[in-house]
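The values are calculated or read from the model by the stated rules, or taken from the named source; none is laboratory data. These numbers were taken from a predicted model, which means no experiment stands behind them. Because the Cβ atoms are built from the backbone with ideal geometry, glycine has one as well, and the counts that use them run over all protein chains shown. Side chains are part of the model used for accessible areas, which takes the heavy atoms of the whole protein and leaves out ligands, DNA and RNA. Shrake-Rupley method; radii C 1.70, N 1.55, O 1.52, S 1.80 Å.
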Protein chains: 2
Amino acid sequence: MTLNRVRALIFDTFGTTVDWRSGVAREAAAFLIQHAAHDIDPSDFADAWRQRYNPAMEEVRSGRRPFTRLDVLHRENLEAILPDFGIKPANLPAAALDELNLAWHRLDPWPDALPGLQRLRSGFMIAPFSNGNIILLTEMAKRAGLPWDVILGAEIVQAYKPTPESYLRTADVLGMRPEEIGLVAAHNSDLAAGRACGLKIVFVPRPAEHGPGQATDLLPEQDWDVIARDFEDLADQLGL
Amino acid sequence: MTLNRVRALIFDTFGTTVDWRSGVAREAAAFLIQHAAHDIDPSDFADAWRQRYNPAMEEVRSGRRPFTRLDVLHRENLEAILPDFGIKPANLPAAALDELNLAWHRLDPWPDALPGLQRLRSGFMIAPFSNGNIILLTEMAKRAGLPWDVILGAEIVQAYKPTPESYLRTADVLGMRPEEIGLVAAHNSDLAAGRACGLKIVFVPRPAEHGPGQATDLLPEQDWDVIARDFEDLADQLGL
C-alpha cells in the first residue's frame with residue numbers, strides 16, 4: 001500500500017465531501033420563490049454562483065488582492081450574479097443575502113462520506129482541506145456530523161488551492177513531511193498540484209458533482225497512489 | 001442567564017481542560033530515569049519547564065520575535081532547563097528531546113472535562129482557545145477524545161494570549177461579536193483580558209493545577225458572568 005507512511009488524510013470539501021450543487025440549489029429555491037423569480041432553475045443559479053468561485057480566488061492567488069476569506073468572496077459573487085437573474089440586490093435587505101450566503105455552511109455530505117470518515121478516523125488524523133474558511137467548515141461539520149479532527153484549509157495558511165503554499169504550509173502546520181499526508185479529492189487539478197508538492201494522492205470520482213451531463217473529472221488523469229470509488233471503498237482499501 | 005446570546009464556548013487548555021503538570025511529570029519521569037537523574041522530582045522538572053512558558057511567549061507578544069509556534073518554544077525551553085538538572089543537552093540524541101517535547105501533546109483531561117464537553121457541545125460550538133499550536137491541540141484531542149468542533153488558538157490568529165489581538169481576531173475568524181463568545185478558563189488574568197475585549201466570562205477553578213499548596217487562582221477575582229465548579233457543573237448551569 002503506497003499510503004503506508006501517511007499519518008493524516010486531508011479532504012477537499014466542495015464536491016469531494018459534500019454536494020455543493022444540490023445544497024445551494026435547495027436554499028436558492030426558497031430564496032427565488034420569495035423574490036418572485038419563479039422561472040429560474042435553482043441549479044442554474046447554483047452553477048452561476050459557483051462559476052465565479054475560481055475567478056474570485058484568482059484575484060487573491062495572483063497577489064492583486066490580499067487574502068480574503070471565502071465567505072466574503074461568496075457574498076460578493078452572490079451580489080454579482082443577481083442581476084443576471086433579474087434581481088436587483090439593492091432592492092433586497094442585506095440580511096436576506098447574508099442568510100442565502102450561509103447556504104455554503106449547510107451543505108450535505110455525499111452518502112458515503114460520514115460512514116467512510118468514521119472508519120478512516122480510526123487510522124488517520126482527518127481534516128478538511130478546503131478553500132472554505134474556518135467558520136464555514138466548522139458550521140458545515142457540526143450540522144452534518146463530519147468527524148474532523150481539526151479544521152484545516154485556506155484560511156489557516158492564508159493561501160488558496162492550488163498554490164504550492166497552500167499544500168506546503170499545511171504540511172508545516174501539521175509538523176509532517178508532505179509524503180506523510182494523503183490528499184483526497186475528486187478534482188484532478190487539485191491532486192496534480194498536491195502531488196507536485198510531494199503529497200500522496202487519493203482520487204475519488206464524484207460524477208454527480210455538476211449534475212447530469214458532467215464531463216470533467218470522471219476519470220483519473222494520472223496514476224494516483226489510490227483510486228477509490230468513494231470514502232467507504234477507501235476505508236476498505238486501507239483496511240479500516 | 002448572562003450567556004443567553006453566546007453561541008461559542010472557547011476553552012483555555014493547559015490547566016483548565018487538561019492537567020499539564022501530571023502529564024509532563026509522567027513523561028519526564030521515564031526520561032529522567034533513562035538519563036540517570038534518579039534524584040529529581042519529575043514534578044519539579046515539569047514546573048521548571050512551565051516556568052519558562054510565559055517569558056518565551058513574551059518575546060513574541062512584545063514584538064521582539066516573530067510569531068513562533070509553541071512546540072518550538074517548548075523545545076527551546078526544554079534545552080534551557082536541562083543543565084539545571086545536571087543533564088547536558090549536547091550529550092543526548094535530538095530525537096530523545098523531540099519525543100519528550102511531545103509530552104505536551106499527550107496531556108490528560110481533568111475527569112469532568114470529557115463528559116462536560118460532550119454535554120456543552122449539544123448547545124454551543126466548542127473549541128480550545130490555547131497558546132498551544134494546531135498540531136499540539138489536535139493530537140491532544142485525538143488521544144484524549146476531546147470533542148472539539150474546531151481547533152482555535154494562538155497559531156490561528158498568530159497572537160499569544162492575553163494580547164487583545166488573540167481574542168478579537170478569534171471573534172473575527174468565528175464571524176461573531178465578542179459578546180457571542182464565552183471564554184472558559186481557570187486563570188483570572190486570561191479572563192480579565194477576555195472581558196476587556198467584550199467576551200462573556202466563565203471561571204472554573206482548578207485548585208490542583210499547580211499541585212499541593214497552590215496559592216493562585218483559587219477564587220474568582222471579578223464578578224465573572226458564570227462561576228462553575230467544573231465543566232459538568234457548567235453544563236448543569238446552562239441546562240444541557
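Assorted remarks:
- Applying a threshold of 7 Å to beta carbon distances and a minimum spacing of six or more residues, or different chains, the list of pairs starting in the range A:71-98 at a residue that is among the aromatic types (F, W, Y) and ending at one that is part of a helix (DSSP H, G or I) reads A:F85/A:F45.
- Residues that are away from chain B (no Cβ under 14 Å) and in contact (Cβ under 8 Å) with a residue 24 or more places away in the chain were ranked within the range A:167-179; the one that is surrounded by the most Cβ atoms within 10 Å (Cβ to Cβ) is A:Y167.
- Residue in the range B:108-122 that is among the aliphatic types (A, V, I, L, M) and farther than 27 Å from B:D233 by Cβ present: no
- Extreme residue, least open to solvent (accessible area, probe 1.4 Å), among residues of the range B:96-120 that are over 18 Å from the mean Cα position of the chain (by Cα) and more than 17 Å from B:V24 (Cα to Cα): B:L120
- With respect to (1) on the phi < 0 side of the Ramachandran plot; (2) over 16 Å from the mean Cα position of the chain (by Cα); (3) at pLDDT 95 or above, the lone exception for A:G198 is condition (1).
- Residue among A:G239, A:G182, A:G211 that is open to solvent by less than 30 Å² (accessible area, probe 1.4 Å), at positive phi and of a type outside the set (V, I, T): A:G211
- Scoring A:L82 on the criteria (1) closer than 30 Å to A:A228 by Cβ; (2) out of contact with any Asp or Glu (no Cβ under 8 Å at 6 or more places or on another chain); (3) open to solvent by less than 50 Å² (accessible area, probe 1.4 Å) leaves a single failure, condition (1).
- Which numbered condition B:V184 misses (of (1) more than 10 Å from chain A (Cβ to nearest Cβ); (2) assigned to a helix (DSSP H, G or I)): (2)
- Leading residue by the ranking (farthest from B:D172 (Cα to Cα)) among those in the range A:121-159 that are of a type in the set (F, W, Y) and either surrounded by fewer than 24 Cβ atoms within 10 Å (Cβ to Cβ) or within 10 Å of another protein chain (Cβ to nearest Cβ) (or both): A:F124
- Single condition B:D233 does not satisfy, out of (1) in a loop (DSSP other than H, G, I, E, B); (2) within 21 Å of B:G123 (Cα to Cα): (1)
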